[in-house]
Ligand SMILES: Cc1ncc(COP(=O)(O)O)c(C=O)c1O
């Protein structure tokens, strides 16, 4: 059955106001998400924030339930954080590493993740090694197998990078880590809400996600899936009330589940909004919205390919809703400005977004147009016409 795009747009206050192709930055939230947050903020103002928090226990519990349904895990395996970077680094910094240990990473790790890799490698003496890509530009799983030995302690893998439409084969990589028992962290920041994700098929130990991008949730929200079995093999980078419990004297107990990665204080309204956004995404069905997102992105790539001065610079066997492009000798920031003047939102990914990949491909920045299921074919065509006039 065709997806009811008119309804999706009618439920999205921003959709009629602009052409929003910055879904990989932050997608437009549905009205239901915005209202849930406003309602809670009003309640905080009327009765006090702690008191409002007590009344919101069911809505807060729903956020864990919704995230668990989204990923195919249990609510105990979910920690809610204030960003995807926080979620990812909580897992990564918890892994005990020493000199001589090897960290294997994709070439498209997000800038913040890569900085963390450098930081930890410098502190511990572990090495970072980039897994080669195949000819299409996605991780070469056979090459990964060839790199393995007993010193490989963790594999970190970005599913969909910030700066291109690439989709890395995370389930095939998971088959390797399942065989070998190597800890496996997946960055699903750009893919969660965009593609169906089932942690049981990926066999990852940890997976980080983001609220504001393809899930269409609030800013300042992220989450971490942490397999309960994996928690026995790692430490925690920090603890505080909620993540741990003081018993008596010098004794404390770290939470047995993913909550160990959380801090007590949180933005309750945003956390509620995240749960509502996930429920909303699940109501549409991620499989259905993913099919439409791919269709729109393919149309966009096809149209752009007809423009002489535009080059689509996406790589990989499978491509998603993120379309990265270069316009002949033109500064992407200037093109973005011109598009913004026409009420069109896109983004510019700088080199630091995905340092290793951008450096290897000799790119200093790319223009990123990212579509979601509530965008229209008409918007895709209008975007290409506008770009043609600017190129
Ligand atoms: C692939 C990827 N990972 C991680 C992040 C970091 O997400 P956050 O800004 O929520 O920390 C981003 C942000 O754009 C991203 O694109």
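Can you tell me which of 376-386, 75-85, 152-162 comes out highest on packing, and rank the rest after it, using the mean Cβ neighbours within 10 Å? Could the numbers behind the result be given before it?
Details: 376-386: 16.4, 75-85: 22.2, 152-162: 25.5.
Peptide ranking by packing, descending: 152-162, 75-85, 376-386.
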*With a Förster radius of 56 Å, plug the Cβ-Cβ distance of residue 35 and residue 141 into 1/(1 + (r/R0)^6) and report the FRET value to the nearest 0.05.*
0.80
*Let a ≥ b ≥ c be the square roots of the eigenvalues of the Cα gyration tensor of the stretch 253-391; is it rounded (a/c under 1.5), or, if not, prolate (a/b larger than b/c) or oblate?*
prolate
*Sequence ranges 198-209, 63-74, 356-367, ranked by mean other-Cβ count within 10 angstrom, highest first*: 198-209, 63-74, 356-367
*Whole-number percent relative contact order across the stretch 89-213, with pairs defined as alpha carbons under 8 Å at least 6 apart*: 23
*asked:* Could you work out how much longer the chain between residue 1 and residue 98 gets when fully extended? Use 0.36 nm per residue separation minus the Cα distance between them, nm to one decimal.
replied: 29.6 nm
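When you count, for each residue, the other Cβ atoms within 10 Å and take the mean per peptide, how do 4-13, 226-235, 181-190 rank with the highest first? Before the final figure, lay out each step's value.
On the way: 4-13: 15.1, 226-235: 16.6, 181-190: 25.4.
In descending order of packing, they fall as 181-190, 226-235, 4-13.
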_Förster radius 45 Å - calculated FRET efficiency between residue 134 and residue 338, Cβ distance, rounded to 0.05_ = 0.80
*Would you kindly state how much longer the chain becomes between residue 390 and residue 282 on full extension, computed as 0.36 nm times their sequence separation minus their alpha carbon distance, in nm to one decimal?*
35.0 nm
*Can you give the extra length, in nm with one decimal, that the chain gains between residue 179 and residue 309 once fully stretched, where that is 0.36 nm per residue apart less the Cα-Cα distance?*
42.1 nm
*Taking the chain as a Gaussian network, where each spring joins two C-alpha atoms under 10 Å apart, which residue of 32, 288, 123 fluctuates the most?*
123
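With Kirkwood's inverse mean 1/r over C-alpha pairs for Rh, give me the Rg to Rh ratio of the stretch 46-140, two decimals please. Please list the in-between numbers first.
Details: Rg = 18.8 Å, Rh = 16.5 Å.
On the Cα set of the stretch 46-140, Rg over Rh gives 1.14.
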*Within the stretch 360-387, what residues put their amide N at less than 14 Å from the label point 7 Å along the Cα-to-Cβ vector of residue 352?*
365
*Which value in nm describes the separation of the simple spin-label points at residue 235 and residue 124, placed 7 Å from the Cα toward the beta carbon?*
0.9
*asked:* Suppose each label sits 7 Å from its Cα in the direction of the beta carbon; what would the residue 201-residue 330 distance come out to in nanometres?
replied: 3.8
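Taking every DSSP beta bridge that has both residues in the chain, what percent is antiparallel when rounded to the nearest 5? Intermediate results must be reported in sequence, preceding the final value.
Details: 26 of 47 bridges.
So the antiparallel bridges in the chain amount to around 55 percent.
Each value in this text was obtained by applying a stated rule to the coordinates, not by laboratory testing. Here the structure is a predicted model, which means the values were calculated and not measured. Note that we place each Cβ from the backbone using ideal geometry, even for glycine, and neighbour counts take in every protein chain shown.
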